[in-house]
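*Asks:* One structure follows; several queries about it will come next.
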Amino acid sequence: MLLTYTNLNADDLRGSTVADYLISIEADFAILDDDLTVYEEPYFPVVELARSLHIWAVRGETHDFVFESLSFEEPGAVTIVRRESGWVFGSMFAPKVTSSVIEWRDVQECVAAFEAKIRKDLARLSIDPDRVFRDSGPRQSRAS
């Protein structure tokens, strides 16, 4: 299971608030499950997703993750839903495609790897990753 991105773009970044970083830094994003592409989207708010996933994962496995983004009218561009035997990744934009079922620790590893890549790229852009990931705002995910 892999959350990944390419072509990170901060060309639209004009301010230095956390909200500016969340909505202005985009990339070509994909959810991959071995050879299966569960979901892919160009110009995706990867920093906002990483921050939302961080907050959700830190709080534990008590509810599903449904990405609520400032960039999408509807929640659910990325979902991580609990099933009887584990967790599956998906998207409301590709409702017929989901990942294989994985254990909670594998979800945590996937989220941590995605966050680590984002943190490294933020630092490369001279943006303090700790400032972006600090849980100081409203929740970015909701229970299903």
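The values are calculated or read from the model by the stated rules, or taken from the named source; none is laboratory data. In this text, all values refer to a predicted model and were calculated from it rather than measured experimentally. Cβ atoms come from the backbone with ideal geometry, glycine included; neighbour counts cover every protein chain shown. Heavy atoms of the whole protein, side chains included, go into the accessibility calculation; ligands, DNA and RNA do not. Shrake-Rupley method; radii C 1.70, N 1.55, O 1.52, S 1.80 Å.
*Asks:* So, with +1 on the Cβ of K and R and -1 on the Cβ of D and E, and no other charges, what is the size of the charge dipole of the range 1-90 about its Cα centre, to the nearest 20 debye?
*Replies:* So the magnitude is around 400 debye.
*Asks:* Could you point to the residue in Leu36, Asn7, His54 farthest towards the positive end of the chain's charge dipole, with +1 and -1 charges on the Cβ of Lys/Arg and Asp/Glu respectively?
*Replies:* His54
*Asks:* Follow-up. Counting only helical runs of four or more DSSP H residues, what would the 222 nm mean residue ellipticity of the chain come to if each run contributes -39,500 (n - 2.57) and the total is spread over all its residues?
*Replies:* That calculation yields -10000 deg cm²/dmol at 222 nm.
*Asks:* Can you give the relative contact order of the chain as a percent, counting alpha carbon pairs under 8 Å and 6+ residues apart?
*Replies:* Relative CO of the chain lands at 23 percent.
*Asks:* I've got another one for you. Extension gain Asp35-Trp104, at 0.36 nm per residue separation less the Cα-Cα distance, in nm?
*Replies:* 22.7 nm
*Asks:* Ok, one more. What percent does the relative contact order of the range 37-85 come to when contacts are Cα pairs within less than 8 Å and at least six residues apart? It would help to have the intermediate numbers written out before the result.
*Replies:* Numbers: 34 pairs, mean separation 13.6, N = 49.
After rounding, I find 28 percent.
*Asks:* Once phi is turned into ³J(HN,Hα) by the Karplus curve 6.51 cos²θ - 1.76 cosθ + 1.60 with θ = phi - 60°, what whole-Hz value does each residue of the range 38-45 show in order, with x for glycine and proline?
*Replies:* 6, 6, 9, 7, x, 6, 8, x
*Asks:* Now for a separate question. Once the other residues with Cβ under 15 Å from the Cβ of Glu103 are scored (Lys, Arg +1; Asp, Glu -1), what is the net sum?
*Replies:* -2
*Asks:* Cut-off 10 angstrom, C-alpha nodes, Gaussian network model of the chain. Which of Ala27, Ala94, Ala57 fluctuates the most?
*Replies:* It is Ala94.
*Asks:* Same structure, new question: Tell me the angle of helix 104-124 to the major Cα principal axis of the chain, expressed in degrees between 0 and 90 and rounded to the nearest ten.
*Replies:* The angle comes out near 20 degrees.
*Asks:* What number comes out for accessible area per residue over the chain if the probe is 1.4 Å? Units Å², please.
*Replies:* 53 Å²
*Asks:* How many percent of the accessible area of the chain is carbon or sulfur, using a 1.4 Å probe? Walk me through the numbers before you get to the answer.
*Replies:* Numbers: 3590 of 7580 Å².
With neighbouring chains kept in place, the figure for the chain is 47 percent.
*Asks:* On to the next question. In nm, to one decimal, how far is the Ser126 label point from the Thr4 one, both placed 7 Å along Cα→Cβ?
*Replies:* 3.1 nm
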